[in-house]
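All remarks here apply to the structure that follows.
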Amino acid sequence: MPSLIPGYEYDIFISYRQKDNKGGRQGAPSFGATQSREAGWVSEFVEALKNELESTFKEEISIYFDINPHDGLLETHDVDASLKEKLKCLVFIPVLSRTYCDPKSFAWKNEFEAFSEQASKDQLGLKVKLPNGNIATRVLPVRIHDLDLGDIKLCESIIGGVLRDIEFIYKSEGVNRPLRSSEDKPYENLNNTFYRDQINKTALAIKEIILGLKGEPDMSVEKSTELRDQEREFYDVRKPARSPKKKLLIGAGILAVLIIAALFLWPGLTGRNNLKRLIAKDGRIPIAVMPFQNMTNDTIWNVWQDGIQGILINNLSNSGELKVRQLETITNMLKSKGLTDYASLTPSVAGLISKKLETSVYIQGSIKQSGNTMRLNAQLINTKTGEAFKSFQIEGTADSILPVIDSLSVKIQEFLLISVMKKELGFDIENNEKYISGTSSSEAFRYYMYGAKAFRNGDMSTQREWLLKAIAIDSNFVAAIHDICYAYANDNNNKQARQWCLKAYQKRDILNMFQRLEIDRTYADFFETPNESLKYLRQMKEYDDLTSNYLMTGVEYFALEQYEKAIPEFEKVLEMDFKLYSGPWWSSDYDWLVWAYYKTGQYKKVKKLLKESEKYYPDDTQLTWQKAVISLAEGDTLSANRQIKKYTSLLKENSASEAVIANGIAAIYWESGFLEKAEEYDRKALSLEPDNPGWMNILAYLLIDKDRNIKEGLELIDKALELRPDRVGYLDTKGWGLYKQGKYEEALKLLEKLDSLKTKYNHTLYLHLEAARKAVAGQK
């Protein structure tokens, strides 16, 4: 069967390693026959994809899939000359696995490399402009395992860009395997993906590429879904307590997530026309749809002036978030004004009618035609100001007017729904399009906003659940992928955080320049050093003067213990807060600067800042904790005891356990230099929960680091490691204990091993490792 485009042998070429298709039948493929029960993963994938393509394309799609084994063939072996002809295809699908990324394998060298080189030189080129304006390559990877970073870079070196793939991966605790068409426990998949959905995404991606190659628009319509009752009930839950010490104990990674909402917002709601102001008291946007003007010079389109108007009214009326004036009302209003010729329906006249109808937004549009191509233009106009704040343009063939109208109504509805949700969920952040990696799905965005709401409430687990739902709907929703990376980091799960960071990094090519810098900075946060992160932050500052850029810069300096450099960054954050919002954005903007002043011994500034913070956050747990520390540091035990009492009360209100309270008080004494009291409360925390390895580690580190009882500290950390042998912090405590005992070589060996296994830069580990190296060098 020839390709859809003349001069090509096949539409799709499937490339894979035979190792990933064990159990499949030997011999030539036969797509008309039913696969045997022993069919391998790739064979089953091809059959499922073929069935999906039949319902996606009107035409027959030709696929080349050779199930004959080629594993083990090296570059010195002869390759069937006909394979070069078969590689003349529109879309190349490599099934990426741990074994596929092998430059010596047949599939890699004679298929993947060969196609990329061949496609780069043919008439279509390797890269294609999709109907939505994005750029993609004709290589559409399907991934069935998480890949090492080296393998990802290897793939990217062949295609000349960031690897964008469709994942068929099932992940749960200790499991990473290809996703099956029928899973025993589908909801335990951490990726929250379903085989059938991924097959559908693959077919739609193929369609996008082929339409792009043919230069045709995509006329498909994405339907939105209504909000479920359980999602509405989510916001009736009372705000849970904030973890009292989390921001200071976790480190730099947690602060990056605090600015995600300011970096990744919905695209298009920009400019001075804040849509939230267009929402009526009942929570809906009142809107009027005017007749579309026929600008084709062909009277056959006159009937569609009212026709498009009527269909848009009907479609938009299905949304509970919009209050749409009905056709009869608008028609009667136009007749009363003597407007039967829509050519005289100017924006000023339409605006007057819209005011009479008491709507805040009206839609005015036109019909244009060039050959067999028909185009609908529509504008959303602010009734009060008369300013157009959003334009839409949809193209199609003259004989496909109905799908074009449906597509236009979906785009308008999706756009307007977001503003309603933002007000409903209480987000008051100014919108700016260049910081967005958006989604075309209002449902995905709705889930994303729920995740942001959960984060603000301190509920990281719920945040992850909502973000996974958003990603399941739109796998290219980079904002959600980016946020879930830090959601895992905030839960001390750096392994998962790194995996999601890589997912976001692989989709850099669909982002604008600022967004790429943010993803690069996140990548540096998890895979490189704070110095690399600072490099990207400097570039981001040059791009725009955002509060969040200064906050993150200060956090990176703080992580490096360069407090003097952190101070001006945090000072700039508060300065901009008062300039932009007439007050602090939230308590973190105070406590980071307070702590930087404290670390540099600037107690007067600390006290002044804490007093100012009381105007906005009189009962903030973290700031109360800091007040206790500074009072003790200055010798004011009376004030310190009052603050400790208040701090304890606040924790109890937030249902904190007695052990958590004891640990928090111990940290107050530790930071202010009262080590005996710190040890007393750390021992109390451990006595309350004697099997808690976290309390063991905290007490052990105090005993070791402060030379109070190194032997006991090592005994405690050994007990903790028996319970959690893989915890980086625990192993670092042991390595530091060995160093303190003078066992430098043993300490160095452990710390170097730990450094090679760490999932994120750890400055304390770096300092311990450097100390061990110097000690060993000094013995030689």
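Observations on the model:
- Residue in segment 744-757 that is buried (at least 19 other Cβ atoms within 10 Å of the Cβ), of a type in the set (F, W, Y), free of Cβ contacts under 8 Å to residues at least 40 places away in the same chain and closer than 28 Å to Y486 by Cβ present: no
- The residues of segment 290-309 that are open to solvent by less than 10 Å² (accessible area, probe 1.4 Å) and touching a helix residue (DSSP H, G or I) at 6+ places or on another chain (Cβ under 6 Å), listed by number, are M290, P291, F292, I308.
- Given (1) open to solvent by less than 20 Å² (accessible area, probe 1.4 Å); (2) out of contact with any helix residue (DSSP H, G or I) (no Cβ under 9 Å at 6 or more places or on another chain); (3) not acidic (D, E), number of the condition I661 does not satisfy: (2)
- Selection count, segment 590-602, where residues are farther than 11 Å from G554 by Cα, without any contact (Cβ under 8 Å) to a residue 60 or more places away in the chain and open to solvent by less than 10 Å² (accessible area, probe 1.4 Å): 2
- Scanning segment 479-525 for residues that are among the hydrophobic types (A, V, I, L, M, F, W, C) and at pLDDT below 85 returns A479, A487, A489, I510, L511, M513, F514, L517.
- Which listed residue, of G729, G742, G664, G694, is over 27 Å from A771 (Cβ atoms) and either at pLDDT below 95 or not in a helix (DSSP H, G or I) (or both): G664
- Verdict on L574 being of a type outside the set (G, A, S) and either more than 29 Å from the chain's Cα centre (by Cα) or not in a helix (DSSP H, G or I) (or both): no
- The combined condition, being touching a Phe, Trp or Tyr at 6+ places or on another chain (Cβ under 6 Å), free of Cβ contacts under 8 Å to residues at least 24 places away in the same chain and of a type in the set (K, R), is not fulfilled by K541.
- For segment 460-502, a residue qualifies if it is surrounded by fewer than 24 Cβ atoms within 10 Å (Cβ to Cβ), closer than 27 Å to T202 by Cβ and free of Cβ contacts under 8 Å to residues at least 24 places away in the same chain, and exactly one does: E465.
- For segment 387-401, a residue qualifies if it is assigned to a strand (DSSP E or B), aliphatic (A, V, I, L, M) and buried (at least 17 other Cβ atoms within 10 Å of the Cβ), and exactly one does: I394.
- Residues in segment 697-726 that are open to solvent by 50 Å² or more (accessible area, probe 1.4 Å), in contact (Cβ under 8 Å) with a residue 12 or more places away in the chain and either outside any helix (DSSP H, G or I) or in contact with a Phe, Trp or Tyr (Cβ under 6 Å, 6 or more places away or on another chain) (or both): K706, D707, R708, R724.
- Qualifying residue in segment 288-301 (condition: at pLDDT 50 or above, closer than 20 Å to L357 by Cα and part of a helix (DSSP H, G or I)): no
- Residues located in segment 347-377, provided they are part of a loop (DSSP other than H, G, I, E, B) and touching a strand residue (DSSP E or B) at 6+ places or on another chain (Cβ under 9 Å): L357, E358, T359, S360, N372
- For the criterion of being at pLDDT 85 or above and over 21 Å from M333 (Cβ atoms), N377 passes.
- Scan of segment 304-348 for residues that are under 21 Å from L278 (Cα atoms) and in contact with a Lys or Arg (Cβ under 7 Å, 6 or more places away or on another chain), ordered by number: E321, L322, K323
- When the test is whether a residue is touching a Pro at 6+ places or on another chain (Cβ under 7 Å) and buried (at least 22 other Cβ atoms within 10 Å of the Cβ), Q622 passes it.
- When the test is whether a residue is among the charged types (D, E, K, R), on the phi < 0 side of the Ramachandran plot and touching a Leu at 6+ places or on another chain (Cβ under 9 Å), R538 does not pass it.
- Residues that are open to solvent by less than 30 Å² (accessible area, probe 1.4 Å) and of a type in the set (D, E, K, R), drawn from segment 278-289: none
- Selection count, segment 667-691, where residues are open to solvent by 50 Å² or more (accessible area, probe 1.4 Å) and either in contact with an Asp or Glu (Cβ under 8 Å, 6 or more places away or on another chain) or in a helix (DSSP H, G or I) (or both): 9
- Any hit, segment 635-648, residues being within 23 Å of A566 (Cα to Cα), open to solvent by 10 Å² or more (accessible area, probe 1.4 Å) and among the aliphatic types (A, V, I, L, M): no
- On inspection, R521 does not qualify as charged (D, E, K, R), assigned to a helix (DSSP H, G or I), closer than 27 Å to T137 by Cα and under 13 Å from the mean Cα position of the chain (by Cα).
The values are calculated or read from the model by the stated rules, or taken from the named source; none is laboratory data. Source: prediction; values computed, not measured. In this analysis, Cβ positions are derived from the backbone assuming ideal geometry, glycine residues included, and neighbour counts consider all displayed protein chains. Side chains included, ligands, DNA and RNA excluded: accessible areas come from the protein's heavy atoms. Shrake-Rupley method; radii C 1.70, N 1.55, O 1.52, S 1.80 Å.
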